[in-house]
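The values are calculated or read from the model by the stated rules, or taken from the named source; none is laboratory data. What you see is a predicted model, and the numbers here were worked out from it, not measured in a lab. Heads up, the Cβs are rebuilt from the backbone with ideal geometry, glycines too, and the neighbour counts pull from every protein chain shown.
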Amino acid sequence: MQILTGTAVSPGIAIAEAVVLDAEELRIPRRMVTKEEIGPEIDELDSALATSIEEIGAQHEDVKHRLGHDAADVFNWHIGVLKDPILRKDIVGLMEGRQYSAAYAVSTVMRGLQRRFMQMKDPLLAERMRDVQDIERRLLRNVLGKSAEDISHLSQEAILVAHDLTTSQTARLSSTKIVGVALDVGGATSHTAILLRSWGKPAVLGLKNLSTHVSGGDTVIVDGLNHMVVAGPDEATLEDYRSKRASFVKLIDALDELREFPAETADGVRVELHGNIEYPFEAGVSRQKGADGIGLYRTEFLFLGDDDPDEEEQYEAYCKAIAGAEGKQVTIRTFDLGADKVTQKKHFEPERNPMLGNRSIRYSLQHLEMFKVQLRAILRAARTGNVRVMFPLLTTLMELRQAKMTLLDAMEDLDEAGIRYGKDIDIGMMMETPAAASQCKEFAREVKFVSIGTNDLIQYLLATDRGNERVSRYYTASHPAVLRTIRDVVRTCVKGGVDCSLCGEMAGEPVYTLLLIGLGLRKLSMAPNNIPEIKKLIRSCSMKKAERVAKRALTFETDAQVTNYLRAETKKLLPDDPI
Amino acid sequence: MKVVTRPNEPIAREVTIRNKEGLHTRPVMKFVDLAQTFTAEIKVRSLETSETVNGKSAMELMLLCATHGTVLEVQASGADAADAIDALAALVHEQFRLDRPNA
């Protein structure tokens, strides 16, 4: 039994056999074979070894022609390993001794090798782990042949274990039998994490080298409540987790019963809870969870397909989200492309520092045609409901003015073409850079509403990459600088009569709810699955109490003090919830 | 370099890795390719870690993690053991003749 800790990005408990995905999404369909099958399996192994050696031989010749001997020589070693009688002996040993299938034996031996290389002190030699991965992949592909399956054809529930998932791989999970996810890399606010959260099944990221420890078919527990993954649990642990899973399901069911009730404090202050969505269908999901509207529609997820979306496709997507919101307010954020959203290679020259690079509104303003197409689609869709449009990542007033000018241009285009659109659309902005936050007063004069985007705001305030698990301990919403910035923005907006909401992941974390409403926020937007719990919390406290908690939280000097205090106060209100 | 010979015992010789990159993919393959031309059983022991591996195994030699300056003991037993030791020790000493392409 092995216990690894990471960062939970989606709560709950999942127990199932692991499916280990490599970059090519190969998975091992079965681990064990009968005694009679051992012989034929060994034949399969031998022919896979021979095919792999042939393939590399051909590739080797090709590389030698194009790049010379030096570059090609590493392939010699690949061939050397595949021809190595000791490798074959190790693999066959597992097959004969433990009745492992050829694929499982290959994967077990190669993962053992990867681990040994990873532990080497010499960095050049440790790098050879990648070569071993290459060899494993090639050999597995040849062993599995046609029987290689992808996760969309799983016959039973499984937990997905991988080094990393791309956003598009993550987006496909909802149509599979995957019940939990455990990844080596990633932090709580990476886009993979955001998608996993909206998918609503337990997930833990940043587990470092879990994927080399787990083989397909191993039983794995994903504990999204305690940031843990247990591989190969013993019977007592398994039993313990089964009962934990049952009580968590009961808790969620109880929360869903709150759907019809408003998020109102015990002393009668109403707080609006909105849903953050990536896909139009999630607007309906948000309503089912009791959302008062859609506070953040992340439109850049339209780009996850193979083709870029044209105006009609966008128009349809926006209309669908608006319809799903059933007349409630929908805040559409214009494309936040660049950085980790939409692969760098697809649209962008790789940048040395993409988070500080040409992303979000900057990218849109440099691609005005694309931007105008989106604005036209939003304007047209705005006729069908209660729609607001919001610009992301502003740092200067000039950007805001230019974005508004482009919106006016799009309106003129539509007028000229005689196309009808929502003329009275409210224009707002994300408050997510320290620069904009400190100029909040000036910005507030030129927008109808402000939405504090804490994911980026924290990242830029604390100089911490939110997707990098190596610095994840520096990334915290509890930092006094974050608290003070939010307080100042809310104050300025209230003074200026500008609608102010908060739409980062922080909004969905119960530990911050008292603080946020206590600071004066009356609109929070979060992953739809978080709405019931936040609602329960708001209904069980008074605004007087929340204001006192916020005031006290602002007196602390370190993030740990803030977190501990907020957790204790929250726990007092909801003693039974796993916070 | 010292030669140790005892009747009915494998013969062995100590060699030092002299090339900068250590026992990396290319040196490993040079060594394995040469070792395989002999019928003798070849073993390599790292004096740093005391680990002994099969000298004809591309995989195991790599796992020896022999960097620049590591002293290895090459052991051979069998009919052409003496020739094998001479040839392999010379290969290591000449920094695996990396300027010449692999066969």
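Specify which of the listed residues (A:433, A:454) is buried (at least 16 other Cβ atoms within 10 Å of the Cβ), in contact (Cβ under 8 Å) with a residue 12 or more places away in the chain and over 20 Å from the mean Cα position of the chain (by Cα).
A:433
Which numbered condition trips up residue A:169, out of (1) closer than 19 Å to residue A:219 by Cα; (2) out of contact with any helix residue (DSSP H, G or I) (no Cβ under 6 Å at 6 or more places or on another chain)?
Among (1) closer than 19 Å to residue A:219 by Cα; (2) out of contact with any helix residue (DSSP H, G or I) (no Cβ under 6 Å at 6 or more places or on another chain), the lone unmet condition for residue A:169 is (1).
Considering only residues that are more than 9 Å from chain A (Cβ to nearest Cβ), without any contact (Cβ under 8 Å) to a residue 40 or more places away in the chain and among the small types (Gly, Ala, Ser), which ones fall in region B:46-77?
Result: B:46, B:50, B:55.
Across region A:86-131, what is the number of residues that are touching an Asp or Glu at 6+ places or on another chain (Cβ under 7 Å) and either more than 14 Å from chain B (Cβ to nearest Cβ) or aromatic (Phe, Trp, Tyr) (or both)?
Residues meeting the conditions: 4.
Could you list, ordered by first residue, the pairs with Cβ atoms under 8 Å in which the first is in region A:391-416 and in contact (Cβ under 8 Å) with a residue 40 or more places away in the chain and among the charged types (D, E, K, R) and the second is in a helix (DSSP H, G or I) and surrounded by 20 or more Cβ atoms within 10 Å (Cβ to Cβ), at least 6 apart or interchain?
Taking only residues 6 or more apart or on different chains, the pairs are A:413/A:376.
Take the conditions of a type in the set (Ser, Thr, Tyr) and within 14 Å of chain A (Cβ to nearest Cβ) and apply them to residue B:16. Does it pass?
So residue B:16 does not fit the description; no.
Within region A:132-141, identify whether any single residue is within 10 Å of another protein chain (Cβ to nearest Cβ), in a helix (DSSP H, G or I) and either at pLDDT 85 or above or more than 16 Å from residue A:45 (Cα to Cα) (or both), and answer yes or no.
Yes, region A:132-141 contains a residue that is within 10 Å of another protein chain (Cβ to nearest Cβ), in a helix (DSSP H, G or I) and either at pLDDT 85 or above or more than 16 Å from residue A:45 (Cα to Cα) (or both).
Which of (1) more than 26 Å from the chain's Cα centre (by Cα); (2) closer than 24 Å to residue A:328 by Cα; (3) polar (S, T, N, Q) is the odd one out, the single condition residue A:561 does not satisfy?
(2)
Out of (1) away from chain B (no Cβ under 14 Å); (2) at pLDDT below 85, what's the single condition that is false for residue A:72?
Result: residue A:72 fails condition (1) only.
Among the residues of region A:554-574, are any surrounded by 24 or more Cβ atoms within 10 Å (Cβ to Cβ) and closer than 20 Å to residue A:290 by Cβ?
No: region A:554-574 contains no residue that is surrounded by 24 or more Cβ atoms within 10 Å (Cβ to Cβ) and closer than 20 Å to residue A:290 by Cβ.
Please specify each residue of region A:288-311 satisfying the condition of being surrounded by 22 or more Cβ atoms within 10 Å (Cβ to Cβ), in a helix (DSSP H, G or I) and at pLDDT 90 or above.
Matches in region A:288-311: A:299 only.
Among the residues of region B:24-35, are any among the hydrophobic types (A, V, I, L, M, F, W, C), touching a Gly at 6+ places or on another chain (Cβ under 8 Å) and more than 9 Å from every other protein chain (Cβ to nearest Cβ)?
There is at least one residue in region B:24-35 that is among the hydrophobic types (A, V, I, L, M, F, W, C), touching a Gly at 6+ places or on another chain (Cβ under 8 Å) and more than 9 Å from every other protein chain (Cβ to nearest Cβ).
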